[in-house]
1. Let me spell it out: the conditions are (1) surrounded by fewer than 16 Cβ atoms within 10 Å (Cβ to Cβ); (2) at pLDDT 90 or above; (3) of a type in the set (S, T, N, Q), and GLN26 meets all of them except one. Which number is the exception?
2. Given the residues PRO206, PRO170, which is the only one that is in contact with a strand residue (DSSP E or B) (Cβ under 9 Å, 6 or more places away or on another chain) and in a loop (DSSP other than H, G, I, E, B)?
3. Can you tell me which of (1) surrounded by fewer than 16 Cβ atoms within 10 Å (Cβ to Cβ); (2) under 21 Å from the mean Cα position of the chain (by Cα) is the one ALA238 doesn't meet?
4. Just for region 62-84: of the residues that are surrounded by fewer than 17 Cβ atoms within 10 Å (Cβ to Cβ) and within 14 Å of PRO35 (Cα to Cα), which one is modelled with the lowest pLDDT?
5. If you go through region 90-104, how many residues are touching a residue at least 40 places away in the same chain (Cβ under 8 Å), within 18 Å of PHE43 (Cβ to Cβ) and under 12 Å from the mean Cα position of the chain (by Cα)?
6. So LYS201 fits all but one of (1) surrounded by 14 or more Cβ atoms within 10 Å (Cβ to Cβ); (2) closer than 18 Å to GLY64 by Cα; (3) of a type in the set (D, E, K, R); what number is the exception?
7. Limited to region 209-229, what total is found for residues that are aliphatic (A, V, I, L, M) and in a helix (DSSP H, G or I)?
8. Starting from region 153-170, take each residue that is at negative phi and list its partners that are of a type in the set (Gly, Ala, Ser) and assigned to a loop (DSSP other than H, G, I, E, B), counting only C-beta distances under 7 angstrom and pairs at least six apart or across chains.
Amino acid sequence: MIVKRFFWLVLCLLSLATVPIKVLAQDRGFTLSAPDEITQTGFLDYLLPRFALKHGVRVTQVDGGADAVIGDAGVAVFQAGDRVWHLADTGAEGPALFASWLLSDIGKRTIEGFRIDGTPVFTAVTEQAVQTTRSYDGDPVAGEDLSLVHCGRCHVVNHANRMKGMGQTPSFAVMRSFSDWQDRFASFYVLNPHPSFTQVKGITQPFSAGLPPAIVPVEMTQGDLESIIAYVATVKPADLGAALQNQ
């Protein structure tokens, strides 16, 4: 009887010892969306289990409204020929870990290990490719109008709504001075508080029927977003002065 009780006590302690590990893995789990030209190759079916095995983080593929998005915005992580693919995320631990893994030596080897009929499909991203991927194909004139309509309710876009922005939100000129302004604008719909009221056709998931947006939603197409970015590229960055120096 004593041996049996001791056995069950040890078993319970071992079970409790695994709880923090399981909880941590669940907390770092995240959703990921990618365009059809990537998912249809089977690349993610090959890639994600290897990442999960290495770090114990579950990644769930979804069609839209994801924690992380593979596309044209964010950190450059791999490429197919001259096309460089980026990972945009909400800044959560799981997606950040995924990006770091993709850029690590083992991540690069994993990327380049994926083949179709013996032929490599994707390669590790090169610095030269990263520097040549930025282009603004949208219409900046239309982008100015779209910015005022969709963004002007909170942000000062230009002189046309200089008195209508919210005090706690940065102006376009201020954001244009950020070194990562392209990434911020291209992936704004995954950055809080935008997901709660923004719909980008073909990218984000519809709002939950039980949790409608609290304000009039922002609804746009990917073409609209490209035009907004093309307009922002023309905005003169605000002069925020030199960085503070500690003596």
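The values are calculated or read from the model by the stated rules, or taken from the named source; none is laboratory data. Keep in mind that this is a model prediction, so the values were computed, not measured. Note that we place each Cβ from the backbone using ideal geometry, even for glycine, and neighbour counts take in every protein chain shown.
1. (2)
2. Numbers: PRO170 fails: in contact with a strand residue (DSSP E or B) (Cβ under 9 Å, 6 or more places away or on another chain).
Sole residue among the options that is in contact with a strand residue (DSSP E or B) (Cβ under 9 Å, 6 or more places away or on another chain) and in a loop (DSSP other than H, G, I, E, B): PRO206.
3. (2)
4. Taking region 62-84 first, the residues surrounded by fewer than 17 Cβ atoms within 10 Å (Cβ to Cβ) are 62-64, 80-83.
From what is left, the residues that are within 14 Å of PRO35 (Cα to Cα) are 62-64, 80, 83.
Values: VAL62: 92, ASP63: 86, GLY64: 78, ALA80: 91, ARG83: 87.
Per the criteria, the residue is GLY64.
5. Qualifying residue count for the region: 2.
6. The one condition LYS201 does not meet is (1).
7. Going through region 209-229 one residue at a time, the tally reaches 3.
8. The qualifying pairs are CYS154/GLY165; HIS155/GLY165; HIS155/SER171; VAL156/GLY165; VAL156/SER171; ASN161/GLY152; LYS164/GLY152; GLY165/SER171.
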